Amino acid sequence: MLARKHPGITGRSGRNVCGEVVLPSPPHNVILRAGRGAILSDDGNKVIAQKSGRPVLRQSGQVYLIYMEDVLFHDGDVDIQTGNICFKGSLVIIRGNVRESMTVGATGIIRVDGIVSGGRVAAYERVRIEGNVINSVVCAGLSDELLKDILICIDSLEEDIKKVVNIISLPTFQDVVQNSGISYGYLLKLIIEKKLVEIPVIMEKLDNLFKTLLFGIPEDLENIFMAYSRLLTNPYQISSIENLCQLLQGIGFAREYFKGMRTQKANLEIGGAINCRIFATGDVSIRGKGCFNTNIRADGSVRINGVFRGGEIHAGGSVVIGEAGTEMGVRTIIEVGERGTVKIGECNEGIIIRIGRRTGRVTGKISGLRAELDRDGNLQIKSYNFATDISKLNPCLINDNPAGRTS
């Protein structure tokens, strides 16, 4: 059993500080719904699994949708013989390596026990790679800009369905259906053609947005948007207002799903990286020896236990690195937001640090570097080993450029 709904119990009356009686609020009512891989009991109070997998809960108002997502285990390497793996499920475990030109994608979590060499790995929820990543692209989560465009389209579809529901709820509409014998479907066709001419355009835009996703959307959401498309192409299938209310409820689930993806940050963890592009909507963690000639973009924080030599880091949070740059001055850029901090155990000469709109170049080697903005918005470089303000002690160690960019 995945879920059970217990009947609400009315609370007892109380009194406020003025001695007035305060009546309890009525019990909160919830509605259970069963999705893929689950069934709802006849009394509507239990959701029971029909297959093994990972249970998932999605909430939209008072409605709770519970379904099962699949788990995929792949023994061995992902290579030209196995083909790409694009899995609409919650968990993919690769018990091997991801080889040249191969792609592994999942709508949930991906774990690779080996290395990734010349491949692409992308997941909506989280990515963990035990070994090193070489000449590859690794992504965790979806860009906020894409999710924003998707939500705008979904909100427009929801508003249009609400307009239709409001129109057919009018007494005059009901009278026409009952007295003239005209079907719901025919009247819906007229409403869509006259009042909702933008719906096909919105659906086409939404379809194009979904095509930009590496492996599409979960099956439950596909079914919702397919039902919406059928409404446009064949409105005669709608026989009552309840059909539209179910479709409206489905659109609400889709909206909550993509809203949840904006608030739920996807973290990424790997052993090390060489010549890679890395993106995460959450935090990025490099556990091994570090990164070389790699670009990292994270909406959260970045932590590299080893070295970071060559490349760029753009973080929405803070950055912590064991050692940055080289004695030869390989171009290395570290950028965080105005509230972020940069901490580097051993910072070599030539590192460019950007915090907000302030940019500085380190012109000498610093042990225990800490960079942040002060209350006046000026870039401050300190050594946390000695709690010393390096920029005041030796001005040649840092060039502060308020213009925001250093070549």
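General remarks:
- Look at region 166-183: where a residue is in contact (Cβ under 8 Å) with a residue 12 or more places away in the chain and a partner is in a loop (DSSP other than H, G, I, E, B), sitting 6+ places away or on another chain with Cβ atoms under 8 Å, you get Ser183/Ser239.
- Considering (1) exposed (fewer than 15 other Cβ atoms within 10 Å of the Cβ); (2) outside any loop (DSSP other than H, G, I, E, B); (3) at pLDDT 85 or above, the lone condition that Lys392 does not fulfil carries the number (3).
- Taken as a whole, the structure places Arg297 among residues that are within 22 Å of Val127 (Cβ to Cβ) and either assigned by TED's automatic domain parsing to the domain that holds Leu373 or out of contact with any Ser or Thr (no Cβ under 7 Å at 6 or more places or on another chain) (or both).
- Restricting region 211-236 to residues that are closer than 22 Å to Tyr67 by Cα and among the hydrophobic types (A, V, I, L, M, F, W, C), the residue that is surrounded by the most Cβ atoms within 10 Å (Cβ to Cβ): Ile224
- Some residue of region 54-77 being modelled with pLDDT of 95 or more and either within 27 Å of Asn293 (Cα to Cα) or assigned by TED's automatic domain parsing to the domain that holds Asn223 (or both): yes
- Scanning region 147-178 for residues that are aliphatic (A, V, I, L, M), at pLDDT 80 or above and surrounded by fewer than 16 Cβ atoms within 10 Å (Cβ to Cβ) gives Ile152, Val165, Ile167, Leu170.
- Pick from region 293-320, criterion among the β-branched types (Val, Ile, Thr) and more than 14 Å from Asp283 (Cβ to Cβ), ranking: surrounded by the fewest Cβ atoms within 10 Å (Cβ to Cβ): Val307
- Number of residues in region 318-341 that are under 16 Å from Gly290 (Cβ atoms) and within 25 Å of the chain's Cα centre (by Cα): the value is 3.
The values are calculated or read from the model by the stated rules, or taken from the named source; none is laboratory data. Everything quoted here is computed from the prediction, not taken from an experiment. Every residue, glycine as well, gets a Cβ built from its backbone with ideal geometry; the counts of neighbours run over all protein chains shown.
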